[in-house]
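What follows is a short report on a single structure.
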Amino acid sequence: MAIIEDNLTADDDINWTISPSERYQLWYAGQYMSNYMIPYKTIKLHFETGIYMAPNKPALSTTLKTGDDIYDDPDTHTIFNLLWYCFGQLRMEAFVNPDDGGLGDWVFFNKDDKMLFTLHEQTITLESDVTSDDDIIYTITQEDLKRLKETDIQTFQAVYPYSTIELHFKTNMLATLKTGINTSYEKNDEIFSALSLMLYNFNQLQMNFDAETGGATFLSMAGKELFTMNKDAFITLASGITSADDIVYTITREDRNYLHDTNKELYDYLYGIKTVEIRFAPQTENMEAILRDGTDLADEKNLQTLKVIQILVNSLNILSTGYRDGLTAIYSPSDKFLFTLTEEGIANVNQDLRVSDNIIYDITEEDRENLYYSDRDAYELLLDYKAIMLYFNYNDPDGIRDIKDSENLNDSWYTLDGRKLQDKPTQRGIYIKDGKKMLKK
């Protein structure tokens with residue numbers, strides 16, 4: 001336990017900006033710490049005196065489904081009381097049921113008077129139209145803490161460690177599948193459960209096991225190949241699979257009756273779950289960055305570029321490092337010099353680079369499996385992307401040139417300072433498309 005000196009105040013906070021040279025030292029000191037620090041520009045040590053909203057506090061969270069017992073999870077009861085009694089996010093009404101010995105049901109509404117769930121004795125029943133869209137996430141404010149400290153010290157102590165109070169509603173079991181997903185990963189327990197249910201209980205999937213490789217191919221009931229799973233539980237989506245191939249199964253009364261008689265544990269597990277869903281999410285986006293001569297990689301606005309470089313160097317080992325003119329230098333897979341980095345984090349791009357020197361790397365299944373074991377943060381980040389791309393550019397008399405030459409990115413537009421636009425520009429001006437200047441009138 002840390003003991004804070006009485007005379008410390010917020011004025012004594014320590015804010016340390018991570019310099020580029022320190023980032024480079026981390027590259028060589030160890031991959032784990034280097035990758036861990038990718039998202040951060042500064043390290044802050046904050047001293048609390050009185051009531052302050054400390055950064056990075058966790059959420060106090062619970063998830064409800066029909067059939068849950070309010071007292072099974074101590075946090076659930078606490079969250080009910082906080083959202084109802086302290087923060088006014090829930091409204092409660094009592095209804096007496098004369099046919100049930102006069103026992104009352106407690107009915108809970110949100111701030112918009114939508115009925116969310118009923119509490120009978122200790123059991124929760126969600127309303128039929130409640131979904132995750134009705135989740136309640138309340139951010140605790142400085143004013144909340146001040147009020148509670150003055151009026152209810154016990155509640156103050158209960159909420160002080162948290163940033164938000166969250167009440168989530170669960171009515172479905174969802175498996176979102178992407179190439180590279182590992183179904184044995186503890187975060188993917190629900191994926192494994194959904195696949196098992198669809199295969200063995202609800203007959204929505206077929207499986208062909210390959211005894212030679214230890215893997216399996218999964219097909220729709222119509223015989224269409226959907227995905228494979230290798231012996232190490234990694235999934236690869238079949239070519240051409242889209243969201244049109246999603247499988248959504250509504251659990252029927254007959255299903256529940258059968259499970260009640262044959263598998264009470266599974267019956268209880270699915271109580272309150274309306275649908276089991278398999279959603280396919282093939283990677284269609286690229287993780288992209290443009291490195292211009294003079295780019296300051298210590299600037300927060302260039303964080304994406306820094307991430308791309310560090311993943312290419314540290315995680316995928318596509319680019320290599322060395323020294324040139326006393327500076328850290330980055331080299332291509334063919335050992336061509338690409339750019340140097342000053343101690344201040346300024347990139348000096350080789351001015352002899354051309355379009356062919358841009359780094360366009362398709363992430364392979366082998367890459368994803370290796371990263372799963374060696375660099376879990378990079379693995380999870382790249383699950384959303386099919387390729388990682390680093391384009392080079394420098395300032396010359398003609399402005400931006402040689403940005404890219406890839407048919408996959410023909411629809412991408414950039415401003416003259418290298419910022420990618422979300423859509424085709426609508427305002428007048430000069431833009432970059434396919435490495436050429438385009439005038440929008």
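Computed values, structure above
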quantity: Pair Q89, L327: separation of 7 Å Cα→Cβ label points (nm); calculated: 4.9
quantity: Out-of-range pairs (alpha-carbon distance over 25 Å; input K224/K386; K65/K114; K307/K386; K57/K274); calculated: K57/K274
quantity: Length gained when the stretch A59-T284 is fully extended (0.36 nm per residue, less Cα-Cα span); calculated: 77.8 nm
quantity: The range 146-208 - Rg over Rh from alpha carbon coordinates, Kirkwood radius; calculated: 1.33
quantity: Cα centroid separation, the range 164-237 to the range 271-345 (Å); calculated: 30
quantity: Inter-probe distance in nm under a simple model that places probes 7 Å from Cα toward Cβ, at L199 and F109; calculated: 4.7
quantity: Simple Cβ-charge dipole of the range 321-400, Lys/Arg +1 and Asp/Glu -1, about Cα centre, in debye nearest 20; calculated: 140
quantity: Calculated FRET efficiency for the pair E300/D335, C-beta based, R₀ 30 Å, to 0.05; calculated: 0.40
quantity: Order of S193, S128 - criterion: other Cβ atoms within 10 Å of each residue's Cβ, fewest first; calculated: S128, S193
quantity: Packing rank of 332-338, 296-302, where each peptide gets the mean count of other beta carbons within 10 Å, highest leading; calculated: 296-302, 332-338
quantity: Within the range 227-260: backbone nitrogen closer than 19 Å to the R376 label point (7 Å, Cα to C-beta); calculated: 232-235
quantity: Where a label projected 7 Å from the Cα of I360 along Cα→Cβ would reach, residues of the range 290-334 with amide N under 19 Å; calculated: 290-292, 308-309, 312, 318-319, 332-334
quantity: Residue order, fewest to most beta carbons within 10 Å, for D375, D246; calculated: D246, D375
quantity: Nonlocal amide H pairs with Q283, under 5 Å, H built at 1.01 Å; calculated: T179
quantity: Proximal charge balance of L226 [Cβ under 11 Å; K/R count +1, D/E count -1]; calculated: -2
quantity: Two-site label geometry, Q122 and I14: point separation in nm, points 7 Å out along Cα→Cβ; calculated: 4.8
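Every number here is computed from the coordinates shown, using simple stated rules; none is lab data. Quick caveat: nothing in here was measured; it's all calculated off a predicted structure. Glycine also receives a Cβ, built like all others from the backbone with ideal geometry; neighbour counts cover every protein chain displayed.
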